[in-house]
1. Select, from 99, 106, 119, 81, the only residue that is without any contact (Cβ under 8 Å) to a residue 40 or more places away in the chain, under 14 Å from residue 144 (Cα atoms) and either away from ligand 2 (no atom under 16 Å from the Cβ) or surrounded by fewer than 19 Cβ atoms within 10 Å (Cβ to Cβ) (or both).
2. Have a look at 143, 139 and point out the one that is under 17 Å from the mean Cα position of the chain (by Cα) and either farther than 20 Å from residue 74 by Cα or modelled with pLDDT of 95 or more (or both).
3. So which of 134, 154, 173, 184 ends up being touching a strand residue (DSSP E or B) at 6+ places or on another chain (Cβ under 8 Å) and at positive phi?
4. Just give me the residues in the range 131-150 being free of Cβ contacts under 8 Å to residues at least 24 places away in the same chain and within 19 Å of residue 181 (Cβ to Cβ), in sequence order.
5. May I ask you to say which residue of 111, 35 is within 16 Å of ligand 3 (Cβ to nearest atom) and either closer than 16 Å to residue 141 by Cα or touching a strand residue (DSSP E or B) at 6+ places or on another chain (Cβ under 9 Å) (or both)?
6. Can you confirm whether residue 20 is assigned to a loop (DSSP other than H, G, I, E, B), loosely packed, with under 15 Cβ neighbours inside 10 Å and at pLDDT below 95?
7. Restricting attention to the range 47-57, and to residues there that are more than 13 Å from the chain's Cα centre (by Cα) and assigned to a loop (DSSP other than H, G, I, E, B), which single residue is farthest from residue 35 (Cα to Cα)?
Ligand SMILES: [Ca+2]
Ligand SMILES: [Ca+2]
Ligand SMILES: [Ca+2]
């Protein structure tokens with residue numbers, strides 16, 4: 001900028017348009033193998049990836065569905081407006097934002113990191129565990145062999161439910177606004 005004048009809202013909007021990402025994709029995107037949504041990229045619609053890990057540093061306006069080997073990583077600046085559904089081997093790691101639900105099936109786990117935000121429910125099934133260091137606005141549920149742990153920075157606005165093998169582990173400082181429920185062979189452990 002050569003001038004130091006204060007930008008009007010109109011001018012600022014125009015600049016944002018000029019700076020809009022070059023790689024904006026209109027249709028749903030279907031890929032096989034590892035796939036990365038780069039920072040600044042917007043996928044307008046759903047992203048479907050089979051047989052590879054999908055890493056999101058940009059923005060997906062629809063749902064993200066991953067199947068087969070590989071998992072899903074929503075990076076620090078990654079945004080998913082819809083839900084994330086993962087199956088097959090591999091898990092889900094949320095460091096950025098998911099506006100919908102997170103649903104994991106089969107052998108992997110789910111890790112909501114400290115900066116991670118999920119507006120919907122988080123469900124982890126079958127093998128492995130659900131670890132919450134960040135915020136979940138809906139219900140957190142783990143079924144199958146693993147544990148459900150809410151760490152000291154973790155926040156869950158609705159219920160926390162653990163079933164089957166494994167325990168429900170609640171660290172001091174964890175904030176849970178709903179009910180806490182443990183079923184199956186484990187127990188509620190407070191640390
Ligand atoms: Ca998978
Ligand atoms: Ca699992
Ligand atoms: Ca369990």
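1. Answer to the selection: 106.
2. 139
3. 184
4. Residues satisfying the conditions are 131, 137, 140, 141, 143, 144, 145, 149.
5. 111
6. Here the answer is yes, as residue 20 does meet what is asked.
7. 51
Listed here are the residues, each with its yes/no results for (1) surrounded by 21 or more Cβ atoms within 10 Å (Cβ to Cβ); (2) within 11 Å of residue 112 (Cβ to Cβ).
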{"site": "123", "(1), (2)": "no, no"}
{"site": "131", "(1), (2)": "yes, yes"}
{"site": "134", "(1), (2)": "yes, yes"}
{"site": "160", "(1), (2)": "yes, no"}
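The values are calculated or read from the model by the stated rules, or taken from the named source; none is laboratory data. All figures in this text were calculated on a predicted structure; none of them were measured in a lab. Note that each Cβ is placed from the backbone with ideal geometry, even for glycine, and that neighbours are counted across all protein chains shown.
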